[in-house]
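**Student:** Structure provided below as structure tokens; questions to follow.
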Amino acid sequence: MIRRTVLSLMVTLVLAAMTGPVSAATQRAPSTDTSAPTGTVRLMAVGDVMLGGSIGRRIVRQGPGAPWRKVWSYLDQADLLIANLECPISSRGTPWPKKYIFRAPPAAADSLVAGGIDIVNLANNHTLDYGVTAFRDTLAALDARGVRHVGGGQNEAAAHAPLIVERNGLRIGFLGYALYFAPGTRRQWAAGLGTPGLAVGTPEIVSREVAALRTQVDVVVVAFHGGTALSSGPSRKVRALTRAAIAAGAALVVGHHPHVLQGYSREGSTLVAYSLGNFVFDAFTGLPNDSAILDVTLSAGGVQSFSWIPIVIEGGFPRPAQGVEIARIMARLRPVQP
């Protein structure tokens with residue numbers, strides 16, 4: 001809890017400098033240790049975090065804590081917090097020739113720390129939007145700040161390498177995969193034997209790597225990026241991949257890319273959250289601005305319990321849902337067939 005205690009103080013000071021005293025509604029709870037008991041870990045997962053565009057400019061102007069101000073009291077309760085980083089972090093690179101490209105300023109790396117993000121998935125269709133140069137800058141920025149990452153690396157072995165974290169006496173293994181790339185980028189963006197890039201997921205690859213990791217840890221968590229944008233349910237390819245992950249021994253599988261919330265599958269001590277939607281993202285209207293924090297308790301037996309914290313994105317930044325917003329969001333988070 002040392003890192004989170006320091007983060008709590010840092011963000012409170014940043015926000016106080018920006019806005020004066022933090023209101024009671026958004027202030028951190030007293031610094032009581034809220035860690036899960038020994039042998040269990042409270043893991044929170046959020047959706048796409050895109051820190052470029054207007055959000056990046058606001059981070060530069062308002063400070064690294066700006067995106068997280070209204071949800072900080074929730075995030076700080078996690079023993080581990082994982083997100084999908086939907087952009088490179090760099091001031092360099094050449095734009096890839098595709099329709100939507102994102103790049104966050106170097107200050108965005110400090111913002112991840114201010115938000116308490118412990119782990120990011122890099123395997124997605126925007127990480128190489130500004131090429132290998134910006135991708136390498138991203139890896140260096142994350143490493144320098146202690147933000148761990150999966151799904152991307154300096155070569156194929158690094159991109160597919162698991163991340164193993166021990167917390168509260170529990171060994172948790174993380175893997176990240178991309179199922180979807182923008183047209184014309186799949187071959188170039190996949191990591192090679194000697195070239196930087198992303199981990200591409202197929203049921204066969206996921207099955208093999210999850211099974212190998214399961215022998216080293218108490219519990220396996222898989223993050224993936226795939227499916228159909230704005231779709232209300234998981235695609236056939238997504239279902240195939242998540243079934244392979246669970247069958248091979250994963251306890252928790254979390255998905256991104258559709259930009260909207262989708263349902264979940266719970267079988268025994270396993271859980272699949274097919275899409276966590278957006279979390280920090282500008283330029284969307286309507287359903288993509290409904291979000292949720294997935295709050296899971298993990299043990300050596302798998303997923304012990306889980307719940308959702310409904311969130312609304314306003315001006316690109318998340319805030320707690322209120323009133324009828326809560327019912328609207330929860331209506332999208334229903335069980336679906338695996």
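**Student:** In which sequence would 232, 275, 111 go, from the one with the fewest C-beta neighbours within 10 Å to the one with the most?
**Tutor:** Ascending Cβ contact count within 10 Å gives the list 232, 111, 275.
**Student:** For n ≥ 4 DSSP H runs only, could you compute -39500 (n - 2.57) per run for the chain, divide by its residues and tell me the 222 nm figure to the nearest 500?
**Tutor:** Working: 10 runs with 96 residues, N = 338.
My calculation for the chain gives -8000 deg cm²/dmol from helical runs alone.
**Student:** Apply the Karplus parameterisation 6.51 cos²θ - 1.76 cosθ + 1.60, with θ equal to phi minus 60°, to every residue of region 316-325 and state each ³J(HN,Hα) to the nearest whole Hz, in sequence, with x for glycine and proline.
**Tutor:** Using θ = phi - 60°, the values come out as x, 10, x, 9, x, 5, 9, x, 5, 4 Hz.
**Student:** So, in nm, how far is label residue 38 from label residue 208 when the simple model puts each one 7 Å beyond its Cα toward the Cβ?
**Tutor:** 4.0 nm
**Student:** Which of the aspartates and glutamates could be linked to residue 237 by a straight reach, that is with a Cα gap under 16 Å, when you skip same-chain ones fewer than 8 residues away?
**Tutor:** Counting by Cα, and skipping residues close in sequence, residue 237 has these aspartates and glutamates nearby: 204.
**Student:** Something else about it: Given 20 Å bins starting at zero, what is the percent of C-alpha pairs of the chain in each, up to the one with the largest pair distance?
**Tutor:** Spelled out per bin, shortest first, that is 34, 62, 4.
**Student:** Grab the beta carbon distance between residue 164 and residue 247, set R0 = 35 Å, and tell me the FRET efficiency rounded to 0.05.
**Tutor:** After rounding to 0.05, the efficiency reads 0.95.
**Student:** Still on this structure, please answer the following. One quarter of the convex hull surface, Cα atoms only: what value does that give for region 126-212 in nm²?
**Tutor:** 6.4 nm²
**Student:** Only Cα pairs under 8 Å and at least 6 apart count here; give the relative contact order of the chain as a rounded whole percent.
**Tutor:** Over the chain, the number comes to 16 percent.
**Student:** With θ taken as phi - 60° and the coefficients 6.51, -1.76 and 1.60, list the Karplus ³J(HN,Hα) couplings across region 192-199 in order, rounded to whole Hz; mark glycine and proline as x.
**Tutor:** For region 192-199, the Karplus-derived couplings read x, 4, x, 10, x, x, 10, 8 Hz, x marking Gly and Pro.
**Student:** Order of 133-141, 279-287 by packing, highest average Cβ count within 10 Å first?
**Tutor:** Working: 133-141: 19.9, 279-287: 17.4.
Listed from highest to lowest mean packing, they are 133-141, 279-287.
**Student:** State, to one decimal in nm, how far the label point of residue 231 lies from the label point of residue 300, with both points 7 Å from Cα in the Cβ direction.
**Tutor:** 3.9 nm
**Student:** Could you derive backbone 3J(HN,Hα) for region 72-85 from the dihedral phi with the Karplus parameters 6.51, -1.76 and 1.60 (θ = phi - 60°), listing whole Hz in sequence and x where the residue is Gly or Pro?
**Tutor:** With coefficients 6.51, -1.76 and 1.60, one gets 4, 5, 7, 4, 5, 7, 7, 6, 9, 10, 10, 9, 9, 8 Hz.
Quick note: the coordinates plus some simple rules give every number you see, no bench work behind them. Being a predicted model, the structure only gives us computed values, none of them experimental. Neighbour counts are summed over all protein chains in view; Cβ atoms, including those assigned to glycine, are modelled from backbone coordinates with ideal geometry.
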